[in-house]
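This report refers to the structure that appears directly beneath it.
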Amino acid sequence: MDKLLVTGGAGFIGSHFVKRMLRADDIGHVTVLDALTYAGHIENLGEAFLSPKLTFVHGNILDADLVDTLVRQHTAIVHFAAESHVDRSFDDAGPFLLTNLLGTQTLADAAMRHGIDKFVHVSTDEVYGPLPQGSATEADPLRPTVPYAASKAASDLVALSYHHTYGVPVCVTRSSNNYGPYQHPEKIIPLFATRLLRGQQVTLHDRGQHVRNWLHVEDNCAGVELVLRGGTPGEVYNIGGGTDFTSKELTGHLLRLCGADWDSVVYVPDRRSNDVRYSMTWDKLADLGYRPVRDFEEGLAETVDWYRRNPDRWAPLMRNPHAAHTTVALTPAKEGAHAH
Ligand SMILES: NC(=O)c1ccc[n+]([C@@H]2O[C@H](COP(=O)([O-])OP(=O)(O)OC[C@H]3O[C@@H](n4cnc5c(N)ncnc54)[C@H](O)[C@@H]3O)[C@@H](O)[C@H]2O)c1
């Protein structure tokens with residue numbers, strides 16, 4: 001497990017995970033494979049990018065030859081790369097199916113050929129679909145309602161099928177909504193924080209009644225690491241234990257932290273599809289030693305402060321928050337891939 005291949009390591013969660021793994025004494029080398037879509041930024045890796053323990057490969061998980069070459073050189077895979085924004089999946093589900101489903105299959109194929117120690121496939125609570133009451137266990141049926149969640153659910157099943165069929169040591173993690181520094185400002189917490197910090201208004205769908213569980217990105221990364229090290233192949237692990245809020249309650253916290261009031265909030269009709277509530281149990285991961293440790297109020301204050309102090313990082317992204325998808329070809333040109 002000392003040579004890690006991390007896909008999507010220039011994104012929000014992946015970059016936090018890479019930094020965490022570089023601090024671990026028993027991890028000899030980390031390779032990041034990232035296509036640097038609109039959501040991926042080398043700057044997210046900060047000084048880690050220059051670590052002698054890190055190799056960055058600019059390439060696509062759909063590039064079967066590149067993936068095969070990389071997987072052959074590694075002992076474990078942690079797979080974060082994905083199209084991750086629900087609203088974009090309403091506009092065009094195609095890139096979601098390509099990257100999330102076929103990209104996962106491309107990685108799993110290579111893992112099957114090269115006999116790695118562990119393949120952690122990173123997924124989401126959204127695959128369980130809306131739960132007006134109660135909490136989903138890992139054994140619950142998948143009922144995704146939006147194209148993003150459907151593409152993730154499909155990729156979970158494909159990844160697990162490679163365990164059942166070929167013995168690939170696949171584990172799946174499903175976390176709730178992450179928050180923390182370096183998140184793209186298309187997602188609700190950075191979107192609201194950056195708009196409020198600039199004195200702009202924010203829009204709340206349908207009176208802001210949708211409930212989400214908010215988990216600090218470092219707690220999620222700790223859970224993913226536990227699964228990497230101790231998860232049983234073929235098993236799914238929920239990573240929850242954050243704080244439940246309606247989007248209106250979350251907005252209240254952000255208004256306070258940004259020094260704004262409710263005049264900054266505009267109510268709009270609900271979006272095309274918006275699950276009323278997600279909730280999961282996480283007892284299975286607790287048995288591996290998982291406990292979320294980040295306090296929500298403190299973590300959110302730190303997050304808002306990061307956006308306050310780093311406008312150079314997010315302001316250029318805000319100019320074109322709905323930038324077109326990076327074109328993803330089924331057989332991307334090899335010359336698109338290069339490493340430092
Ligand atoms: N953000 C959340 O709250 C959350 C919650 C649960 C699960 N997840 C899952 O965690 C993972 C990471 O989410 P995130 O929020 O960090 O996403 P993100 O959008 O910030 O980052 C995705 C990264 O993947 C890269 N990427 C996209 N397509 C690629 C491709 N075809 N080949 C190679 N790289 C590609 C992007 O360049 C980017 O660096 C995703 O699988 C997502 O579904 C996210």
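Some observations on this one:
- Members of region 83-130 found to be more than 14 Å from the ligand (Cβ to nearest atom), assigned to a helix (DSSP H, G or I), surrounded by fewer than 20 Cβ atoms within 10 Å (Cβ to Cβ) and not charged (D, E, K, R), listed by number: 90, 112, 114
- Identity of the residue in region 177-217, surrounded by fewer than 18 Cβ atoms within 10 Å (Cβ to Cβ) and part of a strand (DSSP E or B), that ends up farthest from the ligand (Cβ to nearest atom): 203
- The residue list 302, 335, 298 contains one member that is in a helix (DSSP H, G or I), at pLDDT 95 or above and more than 21 Å from the chain's Cα centre (by Cα), which is 298.
- Qualifying residue in region 51-58 (condition: among the aromatic types (Phe, Trp, Tyr), crowded, with 18+ Cβ neighbours inside 10 Å, within 14 Å of the ligand (Cβ to nearest atom) and over 18 Å from residue 122 (Cβ atoms)): yes
- Test set (1) assigned to a helix (DSSP H, G or I); (2) closer than 19 Å to residue 119 by Cα; (3) in contact (Cβ under 8 Å) with a residue 24 or more places away in the chain; (4) more than 7 Å from the ligand (Cβ to nearest atom) - residue 13 fails condition number: (4)
- Any hit, region 245-252, residues being away from the ligand (no atom under 16 Å from the Cβ) and of a type in the set (Asp, Glu): yes
- Reported count of residues in region 63-99, each being closer than 16 Å to residue 34 by Cβ and either touching a Lys or Arg at 6+ places or on another chain (Cβ under 6 Å) or among the small types (Gly, Ala, Ser) (or both), is 4.
- Filter pass, residue 154 being in a helix (DSSP H, G or I) and either more than 23 Å from residue 230 (Cβ to Cβ) or within 10 Å of the ligand (Cβ to nearest atom) (or both): yes
- Of all residues making up region 229-279, the number that are of a type in the set (Asp, Glu) and in a strand (DSSP E or B): 1
- Yes/no for residue 223 being touching a Ser or Thr at 6+ places or on another chain (Cβ under 9 Å), on the phi > 0 side of the Ramachandran plot and crowded, with 17+ Cβ neighbours inside 10 Å: no
- Residue identified as part of a strand (DSSP E or B) and either in contact (Cβ under 8 Å) with a residue 24 or more places away in the chain or surrounded by fewer than 21 Cβ atoms within 10 Å (Cβ to Cβ) (or both) among 67, 32: 32
- Scanning region 266-295 for residues that are of a type outside the set (Gly, Ala, Ser), surrounded by 13 or more Cβ atoms within 10 Å (Cβ to Cβ), in contact with a Gly (Cβ under 9 Å, 6 or more places away or on another chain) and modelled with pLDDT under 95 yields 275, 278.
- Only one entry in 172, 158 is surrounded by fewer than 20 Cβ atoms within 10 Å (Cβ to Cβ) and aliphatic (A, V, I, L, M), namely 158.
- For region 35-50, filtered to residues that are outside any loop (DSSP other than H, G, I, E, B) and among the aliphatic types (A, V, I, L, M), the residue that is farthest from the ligand (Cβ to nearest atom) is 50.
The values are calculated or read from the model by the stated rules, or taken from the named source; none is laboratory data. Quick caveat: nothing in here was measured; it's all calculated off a predicted structure. So basically every Cβ, Gly included, is an ideal-geometry build from the backbone, and we count neighbours across all protein chains shown.
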